[in-house]
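One structure below.
The values are calculated or read from the model by the stated rules, or taken from the named source; none is laboratory data. Owing to the predicted nature of the structure, the values given are computational and were not obtained by experimental measurement. Here the Cβ positions follow ideal geometry from the backbone for every residue, glycine too, while neighbour counts run over all protein chains shown. Each accessible area value is taken on the protein alone, full model and side chains, heavy atoms only, with ligands, DNA and RNA left out. Shrake-Rupley method; radii C 1.70, N 1.55, O 1.52, S 1.80 Å.
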Amino acid sequence: MTFTPDLNACAALVRRADPDRFLATMAAPVATRRVLFPLWAFNVEVARAPWVTAEPMIAEMRLQWWRDALEEIAAGAGVRRHEVVTPLADALPPGLARALDAAVAARRWDIYRDPFGDAADFEAYLDQTSGTLLWAAARGLGDADETVVRDFAYAAGVAGWLRAIPALEARGRIPLLDGTPDGVRALAAQASDRLARARAARARVSPEAAPALLSGWQAGDILRQAEREPERVARGALGLSEARRRLSLMLRAASGRW
């Protein structure tokens, strides 16, 4: 496939800001990059929008900019020129662009310091961010069962969230409903159950769509760490060694067993 300057810019942005998704995409078939790099770059831009300013109104405006861009893509005409929006418009059908609006709207939680109201609020946040993003990526590549993808995305989302706890707390956020060791252990176990359920239904995700799920290749190992040693979360000590991380990705990419 031919890489346009915009697609190269998306890849460079992901490499800098989201190295795990960059590695996973580089391990996937080359043809998938036309869809995955714009989506991951979009996620980078939206995820950091609430954090680049201390003014809530400005952060709200930044998120609204992306919601407006998605609406243009969904409408199918008059899409603004932008190094991420332009290739995203080429990669997404209108329905998926419309679905991604929920992922942007959910990021409003990141602007303010309010805790999640209850478990349902927390799960909705992860489903709308991690779940909707991964669903758009998988469906943009091929046929996939939405429930399976969202189960997998929830597990990957929890794994990523647990790794981000120290940074979120340093910014004055209250990221967990129950930050005790028992609470962390229970959350990791619940996410592991959904990961196992997704993998048991692996056949409902087509080979064409499966490369999108490589982005969560570390989820199982991280969740097991959190479940066995929940104190690692507060220390920011979750994660694999570089050698193990790359080997695990290589094996999953080669086998197709995300």
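Structure notes:
- Count of residues meeting criterion [out of contact with any Ser or Thr (no Cβ under 9 Å at 6 or more places or on another chain) and over 25 Å from residue 175 (Cα atoms)] in the stretch 198-234: 9
- Yes/no for residue 156 being open to solvent by less than 10 Å² (accessible area, probe 1.4 Å), in a helix (DSSP H, G or I) and in contact (Cβ under 8 Å) with a residue 24 or more places away in the chain: no
Residues are listed down the side, and each one gets a yes or a no for (1) within 12 Å of the chain's Cα centre (by Cα); (2) over 23 Å from residue 54 (Cα atoms); (3) at pLDDT below 95:
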site	(1), (2), (3)
116	no, no, no
125	yes, no, no
141	no, yes, no
167	no, no, no
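- Taking helices (runs of 4 or more DSSP H) as the structural unit, those lying wholly within the stretch 1-88 and holding at least 1 residues that are among the hydrophobic types (A, V, I, L, M, F, W, C), closer than 16 Å to residue 105 by Cα and open to solvent by 60 Å² or more (accessible area, probe 1.4 Å) correspond to 56-75.
- The condition of being within 29 Å of residue 91 (Cα to Cα), in contact with a helix residue (DSSP H, G or I) (Cβ under 7 Å, 6 or more places away or on another chain), part of a helix (DSSP H, G or I) and of a type outside the set (D, E, K, R) does not hold for residue 233.
- Among all residues of the stretch 191-201, there is at least one that is modelled with pLDDT of 95 or more, open to solvent by less than 60 Å² (accessible area, probe 1.4 Å) and either over 22 Å from residue 245 (Cα atoms) or not in a helix (DSSP H, G or I) (or both).
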